Amino acid sequence: MGKQKKSNGASSRQKKTDSTSSGENLRFIIGLILLVFALYMLVVFISYLLTGKADQDSLSLKNPDDVFAYQNWGGKFGFKVGHYFIFHGFGLGAFFIPLITGAFSLALIRVKYFRLWKNVLRFLLATVLISVILGYFAGQSTFLGAGPGGEFGFFIASKLNGMMGKVGTGALMLVLTVAYLIFALHVSPQTIRRPIASVA
């Protein structure tokens, strides 16, 4: 009877160990996929800056079966990803998106302990803030087709300009930038105080 209980206990522990091992393996594979995709996004984003203008012609193709030689290093899919996140999305601010994906991948792989959500929030705020700032200063220029802030940055900046005027929007961007430097990047207020004091 005692031997049977010991056998059942060992079998139960073995099943738990196997289940934990399977879950850990799946977690690692998903993390690895996300890490590779984050690196892929970074490469196609860089390529989009260099070749996006040439690949824009593919958007005017009327027949989807027509063959087009994409210049993007990620091919057709790479161009689509870059066009979605940079042109329709956040412009140059989109370069923080691979960092967000990479943060999730490292958390799943458990390479090193770090505060996941704190870093994700930091990168997400940088994505939006940089997009809107570039949309405010550059507007909808020919660079990248929608300006360096992308369509998102241009849209938000235009809405803010309509409500607060350019001066009010500029002041808001300045305050938000300083707040981001202090709370997200832990820049000392003394560092920001010095140039203000020198001007004053």
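Data table
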read-out: Filter result (hydroxyl-bearing (S, T, Y) and open to solvent by 50 Å² or more (accessible area, probe 1.4 Å)) within the range 95-113; value: Y113
read-out: Some residue of the range 50-62 being open to solvent by 50 Å² or more (accessible area, probe 1.4 Å), out of contact with any Leu (no Cβ under 6 Å at 6 or more places or on another chain) and outside any helix (DSSP H, G or I); value: yes
read-out: Checking V111 against (1) part of a helix (DSSP H, G or I); (2) within 20 Å of F37 (Cβ to Cβ), the condition it does not meet; value: (1)
read-out: Filter result for the condition that a residue is at pLDDT 90 or above and open to solvent by less than 70 Å² (accessible area, probe 1.4 Å), over A69, A38; value: A38
read-out: Filtered residues of the range 119-149 (kept if in a helix (DSSP H, G or I), more than 17 Å from L172 (Cα to Cα) and open to solvent by less than 60 Å² (accessible area, probe 1.4 Å)); value: N119, V120, R122, F123, L144, G145
read-out: Condition met for S12 (of a type in the set (S, T, Y), open to solvent by less than 90 Å² (accessible area, probe 1.4 Å), assigned to a helix (DSSP H, G or I) and at pLDDT below 90); value: yes
read-out: Close pairs from the range 175-196: first under 19 Å from L125 (Cβ atoms), partner open to solvent by 80 Å² or more (accessible area, probe 1.4 Å), Cβ under 6 Å, at least 6 apart; value: none
read-out: Residue match in the range 56-77 (condition: out of contact with any Lys or Arg (no Cβ under 6 Å at 6 or more places or on another chain), of a type in the set (S, T, N, Q) and in contact (Cβ under 8 Å) with a residue 40 or more places away in the chain); value: yes
read-out: Lone qualifier among L116, L181, L185 - being closer than 22 Å to F85 by Cβ and either surrounded by 16 or more Cβ atoms within 10 Å (Cβ to Cβ) or modelled with pLDDT under 95 (or both); value: L116
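The values are calculated or read from the model by the stated rules, or taken from the named source; none is laboratory data. Computed from a prediction, not measured in an experiment: that's the story for all the values here. Ideal geometry is used to build each Cβ from the backbone, glycine not excepted, and the neighbour counts take in all protein chains shown. Ligands, DNA and RNA are stripped out before the accessible areas are found, and what is left, the full protein with its side chains, is counted by its heavy atoms. Shrake-Rupley method; radii C 1.70, N 1.55, O 1.52, S 1.80 Å.
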